[in-house]
Amino acid sequence: MRFTHKGHTVVYSLGNLKLPRKTLIWSLQEIDTCPFSTTKCRSVCYATKASYRPNVSIARELNTEFVQDTSIKASIKQEVLEAMVMFNHHKIDQVRIHEAGDFYDINYLYLWVNVARAIPDKIFYTYTHSIPLVTQADNLNLGLPSNFIINASTDSATPPEYFQQALKLRKTGYIKHIFHIEDNPKVEQHICIQDCNKCNLCYNPKAGNVYITVKQH
Ligand code: SF4
C-alpha cells in the first residue's frame, strides 16, 4: 500500500502468509542495504525471491530512495514514517521493520528508534545482521525504548566476534533474542515454528532473552 505525506511516498503492507494481518511491514531493497549480511544469508535470502515480483521490487526501491535521500531532513523522514504508522494505528499491533533490507547505518537505525519512541503503544521489532551498528549505539549509550525489539540474526557464517557482540548486547538489553538460521547444538534453543500467527516470541516484549533457531529459511 502506498502512503503519501508532505509530498513523500512510501510503501508498506499489512501482514503476509507468516505474519499476522495486524503487522505493518516495512522493507528496503535487500542486500544493497545489508552491509553485514553473510554469504550464508545472501545465499538463502527469501527476500530476493519476492523481489522478482515487479511491484515488490518497486516498493522496496521507493522506500530505499526515501530513507537514503540526503536532501530530505531526518526530522521529515521521521514525520513521514510516524504518519504512516499512525494512519494504520487502529489496524495494527506491531510494526515489523525489514521483511527485506537491514540497518545500513546508525542514523537509519535511530530514525526507527525515534519513530518507536514517539509511538510507545505499538511494538516495533526487527531482525538484523547489523550487530556492529547496534554495538556502536550501545557504546554511545544512545538507549532504546522498551517497545523497540531487536533480534540479532546470525548463522554459521557470522564472524565469531559479531556473535560475541550479540551475546553482550543481549545482556545490556539492546538485543532481546538471537535468531539463528541453523541448528546450534551448543546452546539451549527455542525452535521457530515459522508461523507468527501462533507464536509471538520475536516481538513479545515480555518474552525473556532466548536463542531462537529456524531450521530452514
Ligand atoms: S519464533 Fe515465533 S514469532 Fe519468531 S519468527 Fe518464529 S514463529 Fe514467528
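Expressed as an acute angle from 0 to 90° and rounded to the nearest 10, what is the orientation of the C-alpha long axis of helix 74-87 relative to the principal long axis of the chain?
Taking Cα atoms only, the helix is inclined about 90 degrees.
Once Lys and Arg get +1 and Asp and Glu get -1 on their Cβ, which of Ile150, Val67, Pro160 lies farthest toward the positive end of the dipole of the chain?
Of Ile150, Val67, Pro160, it is Ile150.
What ranking do Thr70, Thr4, Thr38 get, fewest neighbouring Cβ atoms within 10 angstrom at the top?
Starting with the residue having the fewest Cβ neighbours, the order is Thr70, Thr4, Thr38.
Let a ≥ b ≥ c be the square roots of the eigenvalues of the Cα gyration tensor of the stretch 132-217; is it rounded (a/c under 1.5), or, if not, prolate (a/b larger than b/c) or oblate?
oblate
Scanning the chain for trypsin sites (Lys or Arg not before Pro) in DSSP loops with at most 16 other Cβ atoms within 10 Å, what's the longest stretch left with none?
The answer is 92-185.
In debye to the nearest 20, how big a dipole does the chain give about its Cα centre with +1 on each Lys and Arg Cβ and -1 on each Asp and Glu Cβ?
Magnitude of the dipole: close to 520 debye.
So what's the Cα pair-distance distribution over the stretch 65-217, bin width 10 Å, in %?
Going out from 0 Å in 10 Å bins, the stretch 65-217 shows 10, 41, 35, 13, 1 percent.
For helix 106-118, report the angle its Cα long axis makes with the longest principal axis of the Cα atoms of the chain; keep it between 0 and 90° and round to the nearest 10°.
So the inclination is approximately 70 degrees.
Pop out the ³J(HN,Hα) list for the stretch 11-18 in order, Karplus 6.51 cos²θ - 1.76 cosθ + 1.60 with θ = phi - 60°, rounded to Hz; leave Gly and Pro as x.
Calculated HN-Hα couplings, in order: 10, 9, 9, 10, x, 7, 4, 9 Hz.
Test of understanding: ordering Thr33, Thr213, Thr39 by Cβ neighbours within 10 Å, fewest first, what list do you get?
So the residues, fewest neighbours to most, are Thr39, Thr213, Thr33.
Is the stretch 45-146 rounded, prolate or oblate when judged by the Cα gyration tensor, a ≥ b ≥ c being the square roots of its eigenvalues, rounded requiring a/c under 1.5 and prolate requiring a/b larger than b/c?
It is rounded, given that a/c, with a ≥ b ≥ c, falls under 1.5.
Can you flag which of Lys40/Lys198; Lys22/Lys206; Lys6/Lys122 are past 25 Å Cα-Cα?
Too far apart for the 25 Å limit: Lys40/Lys198.
Which angle from 0 to 90°, rounded to the nearest 10, does the C-alpha axis of helix 54-68 make with the longest principal axis of the chain?
On a 0 to 90 degree scale, this one is about 90.
Laboratory data are not the source of any read-out in this text; all were calculated from the coordinates shown. Computed from a predicted model, the values in this text were never measured in an experiment. Glycine gets a Cβ as well: all are built from the backbone with ideal geometry, and neighbour counts include every protein chain shown.
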